[in-house]
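Encoded as structure tokens, the structure appears first; notes follow it.
Nothing in this text is a laboratory measurement; each read-out follows from the coordinates by a stated rule. Source: prediction; values computed, not measured. In this analysis, Cβ positions are derived from the backbone assuming ideal geometry, glycine residues included, and neighbour counts consider all displayed protein chains.
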Amino acid sequence: MSEYYAVGKSVARVDTLAKVTGEADYTADVMLPGMLYGKALRSPHAHARIVRISTRRAESLPGVKAVITAKDVPDILIGLKLQDIPILARDRVRFAGEKVAAVAAVDEETAQEAINLIEVEYEELPAVTDMEEAMKEGAVLVHENLHTYAGLPKPVKNTNTMAHEVYTKGDTAEGFAKADLVFEHTFRTPIVHQGYLEPHAAVVEINKDGSVTVWSSNKSPFRVRGLMAEILGVPFTRIRVIPNFVGGDFGGKALVIDEPLCYYMALKSGRPVKMVMSRQEEFLASSPRHASIIHLKAGLTKAGELVAWQAKVVFDSGAYAAYKPGVVLGGTKKLGGVYRIPHVRIDGYYVYTNTLPCGHCRAPGDPQATFAVECFVDMLASQVRMDPFRFRWLNALDKGDLSPTGDPWKGINLKETMTAAVEKSNWGKHKPNKHYGIGIACAERATGTGESSAVVIVNDDGSANLITGSMDPGTGSRTILCQIVSEALKIPMDRDTINEVDTDSAPYDQGAGAGRTTFVAGQSTYRAALDVRSQLLASAAKVLGCPPGQAQELIDARDGFLFLLSDPSKKISYAQAVKAAGKSQFMAQETFSSKQMDDTCFATHIAEVQVDPETGVVEVLRVTAAHDIGFAINPAGSEGQIEGGIVQGIGFALLEELQRAEGKVTNPTLADYKLCTAADAPKIVTVLVEGAPGAGPFQAKAIGEIPTCPIAPAIANAIFDAVGARVTELPITGEKIVEVLKKSGTFDRVPVALGEER
Amino acid sequence: MRFELLQPRSLPEALEMKGKYGDKAKLLAGGTDLMVLMKERGLRTEVVLSLRGIRELDFIRSQDGRGVTLGALATHSAVARSSIIRKNFPDLVEACAQVSCIQIQNLGTVGGNLCNASPAADAAPPLLVLDAVLTLASTRGERRVPIHEFFLGPRQTVLMSDEILKEVFIPQTADRRGATYLKLGKRKAMEIAIIGIGVAIHLNGSDREITDCRIAMGSVAPTPVRARQGEEILRGQEVNDELIEETAVAAAEEARPISDVRGSREYRLDMIRVLCRRATRAALARARGNGVEG
């Protein structure tokens, strides 16, 4: 039996009931007296000069209260790090979907009607929509003045390449000289959308004193506060951001999208303004996952040992980089995989094109890199005639090894996940039929760092409050934090309440993301709760007649009572302890900040598929996922994250792609942008590999992002195993499989025994 | 969005209204296409004429051995569940059960699916194969249009501005009929066909001679179409694998698919062959399994 009181147990989420009954309020549910509805006018062109905008007809439409263009907003560029995006397009549009004007009206229909009445004259400019073209000398420049932008890693002139990062270990020239065999290959991944259920929404109200209240579909209220204060040129104290339930984030809810427009229309109209993006707008102009082109080159010995590795990735950033907290993506570093390689060089390029701006999406850059690396590893294994598992095992990182980019990680648990996945799957077993296939892939991703604070209170009725600025965008962190409070105070979950409060009331929190909440918010919460526990013990010591210095040793707390370990019948309640100290509550505040992470998390996925060799249709039958999780605070929650990541990853592997023609999205609907449906979800077997020391409370590691990384290559490798088709470009559609089979001459040759009926 | 909502309680009342408003009135049956067009695609209309209150249009009726009639309000779910349809037209059941998802099947009507005239309409290939006849009504009277003459192009039909589709008649078929509808999509639900193929095979007393073969295809041309040259190859023949292959090739040659976000022209042509072959074999197997008792 678990030694723990509240953690390590699968519990229902604390917000489940509110969500399923519809009681939970999201930003689009905010209704204010006199509130107006805003809509944006978007560019139809990938690249154009704005010659003239006439808003006269829109302004005279009854019900329209404000129309704004670039001249109504500050002439500044904003961004999370690299500041390159205007609030509204000024003189120039750089992608089809960019906002050029906005309208606030008494209702949504009137606002839309007014949008249609705005006349914009454009002069189309040559557009650069292909990332490789964009990198060439003499290419059309998306930003001529790039070198003057704030937040640019290294100022460079006359280029679309905003950033180039390099990781090296050893000497690749020497490594490749030593190699017996050298192989190289190129992989491509498309733009995919986060696919959250709730589209972006924002409401802004200007108060009588000029201060501003913001409701935002955002997982980082403090970041919204900071950006709004910066845009408005006011102190943080003049902006109050109120959190709501967030209907899914997956990295896409960290920025301000329509909040500044709402503000300037509220200013012009004197009324609060709400904007909610449509699904189509989400597909045309939010901040989806970057498309990538990845080139890999590996040197091996005849025995199959990796000796040299060279990787180059180009990420298509789209027209702006503003939506990324770091300009570059963590994925570049993952291009060395999870293997022991002495000589490594990785080059990452981030390129502007005239297409929709990309941002962060669940493990930014990692699924792209992992797809390329783990497919390539299977291809290498087959070149040296080794089983994909054995090849990986031979080269896998082990305890004490340096990472491919030279990081000294503590507690490398890769092989444990490989063994666990193999044990629980059908790896190595007899194939049930000819077109069944099985594939394996591994991934690594560290727990995220950051800063968070928590206030924990025990009231004089014995109940507890956790006051936090940490947001749960749907990950289950709200429940995790409650479990941590319950564990530290040894009170049942129904005795504690989490209060996610506004930025005026909560201590600072960096926001959810990067797999940091359980770690950072968890640590601040745990420490604050332990502090309150000490206060309870100290008060109890006085009442129960213990020497104050020995309270920790002589007194225990459980189920809301403090009692002597030597005689449990001598006890007082938490309420009595608070009152005995002459107080109405015990309270503690803790800030936890971490900048450096010296361990990481591993995962191995094994996918089993059935491929129809005539249509290329792939059915994912079963996925076995083993994750190095340290300690699962809410095992059901961890399994949920893994299952969700796998289903999302199946979309990335087989279905999802924002298709583009000349930079314009051609499938901006959920009918043609194919998310995985429940019917497509396979049987998923999860294995939580515990025991490795994690940085979080109770040694927990992160689980939010890594599940989405190894699934696509595991499926790609399984497809190859099934029908011999190696598709190196995602998504792996039936059409691409058929194309490869046709090229290899194996399509439509062999009579297929599939039975008479499907 | 502002529009007038008309809710007639009888067909004559509806026909009066349609006669009065003509093209200005958009017909609402299940609404699964119209609502998307209005809410997402910016379709403006002055009048929405809802047929939903007309009980007399909501039926599936056997016509004393002559065939079956579907009222304009028969939903995909109702058709797929109907025992008469299940007994006689498994291809139509398969088509209706593969429309998008359960929720859409519960709301969307077969009649609406036809009138929307999408090249990808799932109900169209089986009804083409079945030589269904559509009754179009107006205050001027009624006319009966064979389904192969009904479609003119994407979202275009022979319906005049004052006409309403009243019912779809499916004539009774030969006793030893086997039929199927195969749909190719990227995922298992919520799909618009990359290719849809309906095939029916009719046998005489023996298991070998094909007395009739009918093939219809969706998402391969501006309208759902029959593959008549393909049909001709099998009609009256003793079946064998070569002929089935020849039929599939002929069907692909008759198709005029385009490349779009769902698939390229080339893939579609390949898949017509694959699906036609499979559907023909499956239809044949069903025909052989069907006794002569009817």
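Label points 7 Å out from Cα along the Cβ direction at residue A:401 and residue A:90: separation in nm?
In this crude label model, residue A:401 to residue A:90 measures out at 5.1 nm.
How many lysine pairs does the range A:115-189 hold where the Cα atoms are under 25 Å apart and the two sit 8 or more places apart or on different chains? Numbers along the way, then the final one.
Values: A:136/A:154; A:136/A:157; A:154/A:169; A:169/A:178.
So the count works out to 4.
Tell me which DSSP H helices of chain A clear both cut-offs, 24 Å or more of axial length from alpha-carbon atoms and a mean Kyte-Doolittle hydropathy of at least -0.5.
Details: long enough: A:366-383 (25 Å, 0.39); A:522-544 (32 Å, 0.19).
Taking the DSSP H segments of chain A (at least 24 Å long, mean hydropathy at least -0.5), we get A:366-383, A:522-544.
Using only atoms on other chains, find how many Cβ atoms lie within 10 Å of each Cβ of peptide A:726-738 and report the average.
Values: counts 0, 0, 0, 0, 0, 1, 0, 5, 7, 10, 1, 0, 5.
Per-residue shielding by partner chains comes out at 2.
Given R₀ = 45 Å, what would the calculated FRET efficiency be for residue B:55 paired with residue B:209, taking r from the Cβ atoms and rounding to 0.05? Walk me through the numbers on the way to the answer.
Numbers: r = 46 Å, r/R0 = 1.02.
The calculated FRET efficiency here is 0.45.
Taking the alpha-carbon set of chain B, what are its Rg and Dmax in Å?
Considering chain B through its Cα atoms, Rg and Dmax are 19.1, 62 Å.
Could you let me know the centre-to-centre spacing of the range A:466-489 and the range B:149-212, using Cα atoms, in angstrom?
The distance from the Cα centre of the range A:466-489 to that of the range B:149-212 comes to 56 Å.
Compute the distance from the alpha-carbon center of the range A:383-452 to that of the range A:143-203, in whole Å.
25 Å
How far is the Cα center of the range B:85-145 from the Cα center of the range A:648-720, in Å?
Using only Cα atoms, the two centres lie 37 Å from each other.
Applying a 10 Å radius around every beta-carbon, put B:63-69, B:276-282, A:259-265 in order of their mean neighbour count, most first. Before the final figure, lay out the partial values.
On the way: B:63-69: 14.1, B:276-282: 25.1, A:259-265: 26.7.
So the peptides B:63-69, B:276-282, A:259-265, ranked by packing, come out A:259-265, B:276-282, B:63-69.
Suppose R0 equals 60 Å. What FRET efficiency, 1/(1 + (r/R0)^6) with r the Cβ-Cβ distance, do residue A:666 and residue A:4 give to the nearest 0.05? Walk me through the numbers on the way to the answer.
Details: r = 52 Å, r/R0 = 0.87.
After rounding, the FRET efficiency stands at 0.70.
Helix B:11-21 sits at what angle to the longest principal axis of chain B, using alpha carbons and giving 0 to 90 degrees rounded to 10?
Its long axis makes an angle of about 70 degrees.
Calculate one ³J(HN,Hα) per residue across the range A:703-708 by plugging θ = phi - 60° into the Karplus curve 6.51 cos²θ - 1.76 cosθ + 1.60, and present them in order as whole Hz with x for glycine and proline.
Listing the rounded values in order: 9, x, 10, 4, x, 7 Hz.
Considering only chain A, what is the antiparallel percent among its DSSP beta bridges, to the nearest 5? Show your work: numbers first, answer last.
Values: 103 of 135 bridges.
Given both bridge residues lie in chain A, the antiparallel proportion sits at roughly 75 percent.
Identify the residues of the range A:702-739 with backbone N under 20 Å of a label point that sits 7 angstrom from the Cα of residue A:184 along the Cα-to-Cβ direction, or state none.
What the label zone holds, given the 20 Å backbone N cut-off, is A:728-729.
Separation between the residue A:430 and residue A:743 pseudo-spin-labels, each 7 Å from Cα along Cα→Cβ, expressed in nm?
Here the modelled spin labels are 3.6 nm apart.
Over the Cα atoms, compute the radius of gyration (one decimal) and Dmax (the largest Cα-Cα distance, rounded to a whole number) for the range A:322-469, in Å.
20.9, 70
Which part of the range B:241-262 falls in the paramagnetic zone of residue B:229, meaning amide N under 12 Å from the point 7 Å along Cα-to-beta-carbon?
Counting only backbone N, you get B:247-256.
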